[in-house]
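Everything below concerns the one structure shown next.
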Amino acid sequence: MAAPFPILLCHLDELADGAARGFDPAGCGQDSILVVRQGARLHGYRDLCPHYGDTPMAWRRHAYLNATRTHIVCAAHGALFDIGSGACVRGPCLGQALTPIALTVDASGDVLLTSD
Ligand code: FES
């Protein structure tokens, strides 16, 4: 049964600026979305690399960024993705993009997933 939306992910204070974090909103035991915070902006995507379509991208929990934190990286074959657009900028899925998710931050600072 699908959870009703919106789904509370965390409070904004729990997302470090410049860092990424994975979430398991469906409670399936594995993160299915990732969120990157850049100042006041949040960028959220499904944790699925477009190279193979169904491959989770982190080699360990929350490890979605490259070493310099300039791009989202897929651990399987090293594809790099623009944080803001999700577009692959280097790697085997060049020209493809991560699938965005709908996020909002409410007045209390709660980060909410607003649709599937
Ligand atoms: S599965 Fe992500 S780059 Fe190959």
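A compact table of results
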{"item": "Whole-percent carbon and sulfur share, accessible surface of the chain, 1.4 Å", "result": "53 percent"}
{"item": "Trp59 paired with Ala87, simple spin-label distance in nm, labels 7 Å along Cα-to-beta-carbon", "result": "2.7 nm"}
{"item": "Selected from Ala102, Ala75, Ala40 as most flexible by GNM, with the chain as the system and alpha-carbon contacts under 10 Å", "result": "Ala40"}
{"item": "Paramagnetic label zone (point 7 Å from Cα along Cα-to-C-beta, Ala19; backbone N under 18 Å) in the range 72-87", "result": "72-73"}
{"item": "Per residue, in Å², the accessible surface of the chain once ligands and nucleic acids are set aside, probe 1.4 Å", "result": "54 Å²"}
{"item": "Cβ charges +1 (Lys, Arg) and -1 (Asp, Glu), total dipole of the range 7-113, debye", "result": "360 debye"}
{"item": "Farthest toward positive dipole pole in the range 7-113 [+1 Lys/Arg, -1 Asp/Glu at C-beta], among Gly91, Tyr52, Leu8", "result": "Gly91"}
{"item": "Cα pair count fraction exceeding 24 Å, expressed as % - the range 7-113", "result": "17 percent"}
{"item": "Overall form of the range 1-60 per C-alpha gyration tensor (a/c, 1.5; a/b vs b/c)", "result": "oblate"}
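The values are calculated or read from the model by the stated rules, or taken from the named source; none is laboratory data. Please read these numbers as outputs of a predicted model, since none were measured by experiment. All Cβ positions, glycine included, derive from the backbone under ideal geometry; neighbour counts span all protein chains shown. Each accessible area value is taken on the protein alone, full model and side chains, heavy atoms only, with ligands, DNA and RNA left out. Shrake-Rupley method; radii C 1.70, N 1.55, O 1.52, S 1.80 Å.
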